[in-house]
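The values are calculated or read from the model by the stated rules, or taken from the named source; none is laboratory data. As the structure is a prediction and not an experimental result, all values here were calculated from the model. Reconstructed Cβ throughout: ideal geometry from the backbone, glycine too, with neighbour counts over all protein chains shown. These accessible areas exclude ligands, DNA and RNA; they are computed on the full protein's heavy atoms, side chains included. Shrake-Rupley method; radii C 1.70, N 1.55, O 1.52, S 1.80 Å.
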Amino acid sequence: MWLRFAFIASLLTPFLHVVVLLASGQDVISTPVSALSRERWGVLHTLELVLFGAAHLALAAALGGLDRGRLWPYGRSLLVASGFVLVYIAYFFSTADADRLSGPEANDPLWIVATLTGIAMGALQPGLSRLSRQLGIFSAFCLGVWLWLVPLILLVDESWIGAYERIVGFVYVTWMMGLTLGLIRAGENTQA
């Protein structure tokens with residue numbers, strides 16, 4: 001049940017993002033993610049972030065039934081923390097004044113969730129590899145791309161910040177969806 005909720009909530013995340021992006025007419029390349037919460041359809045963007053945060057909590061709950069090593073509980077805890085930070089980000093983006101959202105620290109909360117998520121990916125990696133070879137390879141690939149994207153921000157021109165954030169978001173959502181789908185399939189295989 002938790003895994004299916006996490007998968008559906010993760011699937012709705014990019015869908016709602018694209019809806020808000022298209023409805024608001026914002027530029028995919030230059031518009032930072034934070035700006036979408038202030039648009040006419042901003043409530044959908046807020047919902048998107050809250051749903052994605054809830055997906056983290058559901059995934060952490062589902063992982064509670066599995067014990068895959070000493071780093072596993074830390075990975076789960078970091079997923080919970082990421083989920084709560086995403087809910088805070090939804091609140092922050094929807095309530096912060098326009099000057100703050102257009103300033104240099106507008107997306108600072110995204111760095112917090114990115115750090116928590118990256119560490120969670122690393123902490124869960126050994127256990128995921130023991131659970132399923134394919135799931136381990138998939139998660140390792142996502143973690144590798146995630147780590148590669150970290151220093152890339154230093155090279156990104158401010159006019160491309162929206163594109164960079166959406167690439168990071170794509171990897172993030174792909175990891176969550178792939179992880180939940182892989183765990184659902186692993187559970188079905190053990191029941192068969």
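One table, with the values for the structure above:
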| item | result |
| --- | --- |
| Among (1) small (Gly, Ala, Ser); (2) in contact (Cβ under 8 Å) with a residue 12 or more places away in the chain; (3) buried (at least 16 other Cβ atoms within 10 Å of the Cβ), the one test that Gly187 misses | (3) |
| Where a residue in segment 153-181 is under 16 Å from Trp111 (Cβ atoms) and its partner, wherever it lies, is modelled with pLDDT of 95 or more and of a type in the set (Lys, Arg), with Cβ under 6 Å and at least six apart | none |
| Lone qualifier among Ile29, Ile89 - being open to solvent by less than 70 Å² (accessible area, probe 1.4 Å) and over 20 Å from Thr117 (Cβ atoms) | Ile29 |
| All positions within segment 68-86 that are without any contact (Cβ under 8 Å) to a residue 60 or more places away in the chain, open to solvent by 60 Å² or more (accessible area, probe 1.4 Å) and under 11 Å from Leu124 (Cα atoms) | Arg70, Leu71, Pro73, Tyr74, Arg76, Ser77 |
| Members of segment 123-177 found to be outside any helix (DSSP H, G or I) and among the hydroxyl-bearing types (Ser, Thr, Tyr), listed by number | Ser132 |
| Output for segment 28-54, where each listed residue is in contact with a Lys or Arg (Cβ under 8 Å, 6 or more places away or on another chain) and part of a helix (DSSP H, G or I) | Val33 |
